[in-house]
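Structure first, then comments.
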Amino acid sequence: MTYFPFWKGLAMTKEGTLSFADMLLESPIGTELTQDECQTLAPLFSEREYKGGDCIFEEGAPGNGVYVICSGSVRIDKKTAKGDYSEIAVLKMGDLFGELSLVTDLPRSGRVTMASDGNLAHLSLESFSGLATDDLKLHTKLVHTLGALACRRLSTTTLQVAKLLCKVETVKGDVSALSEQMADAKKGMLGFA
């Protein structure tokens, strides 16, 4: 489904208007939830407009909830050893980020900034915790869904790291071979055989 700008609880699609609850149903959060459960969950989110370049949160900041991208896109960056930032991902409308803060007390694992103007819906940690009292079944399903999402993302990350490690080993081999060739060339230039 193609989405158009989203604001005030409604998104426009080629098929017509889509409620935020419907958008939740089609988002990673909605994979295990029913339409009625998404209807219950939707009012717990607060929506806010952002400008491109706005920082949503910094790496290392305490987590305060999950965000769903209603319109626009966000950039996720990781701080490098040199202190600058490297882009990890760009997420678009319908994607979510920050979900680990609902199930762990770990600090934010990266910096998130708006890649374009857009709107984000935020489910605060307080609202999520209150759901455990108001609707324990929905809270439990949401914890399960977020845990499954985190596991899928970890699996993807593990595969990416494995590919990078293979590339590092290839480069190490290339550097070693080049070093040997340079040593042989140097010996030849100095008249050693």
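Database remark: amide H of residue 47 closer than 5 angstrom to the amide H of 122 (H placed geometrically; neighbours at sequence offset of 5 or more, or on other chains; Pro and chain starts carry no H). With 29 Å as the limit, the listed pairs 79/137; 79/172; 82/141; 79/163 have 79/137; 82/141 beyond it between alpha carbons. Exposed loop sites were defined as GluC sites (Glu not before Pro) in DSSP loop states (anything but H, G, I, E or B) carrying at most 16 other C-beta atoms within 10 Å; in the chain the longest segment without such a site runs 60-193.
The heavy atoms of residue 104 present about 50 square angstrom of accessible area, all protein chains included, probe 1.4 Å.
Here the accessible area of the chain is 59 percent carbon and sulfur, with a 1.4 angstrom probe and all protein chains present.
Here the Karplus relation 6.51 cos²θ - 1.76 cosθ + 1.60, evaluated at θ = phi - 60°, turns the backbone of region 37-52 into coupling constants of 5, 5, 5, 5, 6, 3, x, 6, 8, 10, 10, 9, 8, 10, 9, x Hz, with x for every Gly and Pro. Rounded to the nearest Hz, the phi-derived 3J(HN,Hα) couplings of region 56-73 under the Karplus curve 6.51 cos²θ - 1.76 cosθ + 1.60 (θ = phi - 60°) are 7, 7, 9, 4, x, 5, x, x, 9, x, 10, 10, 10, 7, 8, 7, x, 8, where x marks glycine and proline.
Each label point was placed 7 Å from the Cα along the Cα-to-Cβ direction; for residue 84 and residue 165 their separation is 2.8 nm. Working note: Cα gyration tensor of region 49-193, eigenvalues times five, square-rooted, sorted largest first, giving semi-axes of 46, 18, 12 Å.
Tell me, what is the percent relative contact order of region 62-193, built from C-alpha pairs under 8 Å that lie six or more residues apart? All intermediate terms of the calculation are to be shown ahead of the outcome.
Details: 161 pairs, mean separation 32.7, N = 132.
For region 62-193, the relative contact order is 25 percent.
The phi torsions of region 91-107, fed into the Karplus equation with coefficients 6.51, -1.76 and 1.60 and a -60° offset, translate into couplings of 10, 10, 3, x, 7, 9, 8, x, 5, 4, 5, 7, 10, 9, 9, 6, x Hz, rounded to whole numbers, with Gly and Pro shown as x.
Add +1 for every Lys or Arg and -1 for every Asp or Glu among the other residues with Cβ under 14 Å from the Cβ of residue 56, and state the total. Let's see the in-between values first.
Numbers: positive: 48, 51, 75, 108, 111; negative: 47, 49, 54, 58, 59, 77, 95, 99, 117.
Surrounding charge for residue 56 is -4.
Accessible surface area normalised per residue over the chain is 60 Å², counting heavy atoms of protein chains with a 1.4 Å rolling probe. Potential lengthening of the chain between residue 144 and residue 47 amounts to 32.5 nm, from the contour at 0.36 nm per residue minus the alpha-carbon distance. Helices in the chain, meaning DSSP H runs of at least 4 residues, each add -39500 (n - 2.57). Divided by all residues, the mean residue ellipticity at 222 nm is -14000 deg cm²/dmol.
The values are calculated or read from the model by the stated rules, or taken from the named source; none is laboratory data. Here the structure is a predicted model, which means the values were calculated and not measured. When we count neighbours, we look across all protein chains shown, and the Cβ atoms used for this are built from the backbone with ideal geometry, even at glycine. Surface accessibility is based on the protein's heavy atoms, side chains included, excluding ligands, DNA and RNA. Shrake-Rupley method; radii C 1.70, N 1.55, O 1.52, S 1.80 Å.
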